[in-house]
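In what follows, a single structure is set out as structure tokens and then discussed.
The values are calculated or read from the model by the stated rules, or taken from the named source; none is laboratory data. If you're wondering where the values come from, they're calculated on a predicted model, not measured in any experiment. Ideal geometry is used to build each Cβ from the backbone, glycine not excepted, and the neighbour counts take in all protein chains shown. SASA here: full protein model, heavy atoms, side chains in, ligands and nucleic acids out. Shrake-Rupley method; radii C 1.70, N 1.55, O 1.52, S 1.80 Å.
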Amino acid sequence: MGKRVAEGIKRVKQSQRELESSILRRCASGRDRLDKRLATGVKIIKVAPGSTGSKDFPRLWKRDEGDRTKIRGSAEWYIPRRADLRRRMLFLHGGSYVVYAPCDSVYRSLASRLASQCGLCVLSIDYRLAPEHRFPAAFEDACVCFCRRCASSTLETCTSAVRHKYTCSLQDACAALKWLSVNGPPEVNGQGKVKGAPFSASPARDLFVCGDSAGGGLALAASMAQRAFVRERLRGVIGLSAWNDLTASTPSYDTRQWCPEQCWGDAVNAGVDRKSGREEAEAYLGRRGVQLHGRDWRASPFFAPAGRLRALPSVLLQVGDFELILDESVLLHKRLEKLGHPDARVDVYPRMWHCWHQYEEGSGLGTLSQAKKALRDVKKWVEARIT
């Protein structure tokens, strides 16, 4: 029997628990493989800088990669079949604010599956990353994406203000969700080709914000900053393994350390402790950034003041029981409940690691049921909140 056939048979025989353990060990050794497959029936349309008539969205930026400079900033629409173009989701990718882009295969896979499952038109943006653009650049980009008015002078005033005065950063955040609230996907003809610009000026009916890891924290921060105009359309914010506390202060940094003997704990972050977690945060916050900005709600929504937390739309937090940052979602949810937030929920998935949503293909070993279940749960949650 050939080796490939034998491996295939072994894959079929694995139980879900065995598959989970296999993926965990692969993650711990750096041999894991993230999802690549796109959801069927989802059309991807690029939104390049300059194509919307605004210099603020999408924002062109540059990254040095070795001996060449790469132009960045293009967003992508993910449009499922028979989608209501008035129902939209902003997706913010993870990567510790330093890596990844919407066009990376793992994030195309996740964004396309979110679009397909939820039936929403998903816009995934290429926000600016460190080290070229440190805090609060990612926050500004997430906000500007949501917020562009037809009168560009209003946005330019807000954008200038956020760069120079802390309190005015909220105006830029409000200017962000607005872009999506008044601009939707483009029209597509019978051959699947875009007619004209990669967007259409049309008001949204329902808006959601979703992000994973750093993008999850960014989604919460951006949602906190919105004015009434956007809040009227903003139905919910979804954090998938959300990185909410850049100070690494919660107990799960101790209780969820990877243990290879028991195959238990956060294998994706094997070897990470509080010190290295804070060092990772300072790649975005800058030198001494945890001390200077770590409790700023724009960087760590975990520390947001009560008024901002109460003003959040419906909140769904999904986190794995094995994650180092487990308590960032669990304790944030407890605080939301204590403050009287009317619709906040946290789902803890047994034996799941950081961003297990990216392992539906089981790292090449089979289908991970908990990854499929998590997106089905997102779908049900979204469907219960659309108007």
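Residues that are closer than 21 Å to residue 17 by Cβ and among the hydroxyl-bearing types (Ser, Thr, Tyr) within the range 353-387 comprise 359, 363, 367, 369, listed in sequence order. Filtered by the rule that a residue be touching a Pro at 6+ places or on another chain (Cβ under 7 Å), among the hydrophobic types (A, V, I, L, M, F, W, C) and either in a loop (DSSP other than H, G, I, E, B) or without any contact (Cβ under 8 Å) to a residue 40 or more places away in the chain (or both), the range 18-47 gives a lone residue, 42. Within the set 290, 330, the sole residue that is touching a Leu at 6+ places or on another chain (Cβ under 7 Å) and among the β-branched types (Val, Ile, Thr) turns out to be 290. For the range 78-87, the condition holds for no residue, the condition being that it is of a type outside the set (S, T, N, Q) and over 22 Å from residue 182 (Cα atoms). All of 246, 207, 240, 218 fail the test of being in contact with a His (Cβ under 6 Å, 6 or more places away or on another chain) and open to solvent by less than 10 Å² (accessible area, probe 1.4 Å), apart from 240.
The number of residues in the range 231-256 being part of a loop (DSSP other than H, G, I, E, B) and more than 30 Å from residue 113 (Cα to Cα) comes to 5. Only a single item in (1) on the phi > 0 side of the Ramachandran plot; (2) within 20 Å of the chain's Cα centre (by Cα) is not met by residue 286, and it is number (2).
For the range 57-73, the set of residues classified as in a loop (DSSP other than H, G, I, E, B) and open to solvent by 30 Å² or more (accessible area, probe 1.4 Å) consists of 59, 60, 66, 67, listed by residue number. For residue 96, the stated conditions hold: it is in contact (Cβ under 8 Å) with a residue 60 or more places away in the chain and among the polar types (S, T, N, Q). Against the conditions (1) hydrophobic (A, V, I, L, M, F, W, C); (2) surrounded by fewer than 21 Cβ atoms within 10 Å (Cβ to Cβ); (3) over 19 Å from residue 379 (Cβ atoms), residue 47 satisfies every one except (2).
Sub-6 Å Cβ pairs linking a first residue in the range 200-216 that is within 14 Å of residue 110 (Cβ to Cβ) to a second residue that is assigned to a strand (DSSP E or B) and of a type outside the set (Asp, Glu), at least 6 apart or interchain, are 210/89; 210/91; 210/238; 211/92; 212/240; 215/92; 216/239; 216/240, ordered by first then second residue. For the range 50-81, the set of residues classified as touching a Gly at 6+ places or on another chain (Cβ under 8 Å) and farther than 12 Å from residue 145 by Cα consists of 60, 61, 80, 81, listed by residue number.
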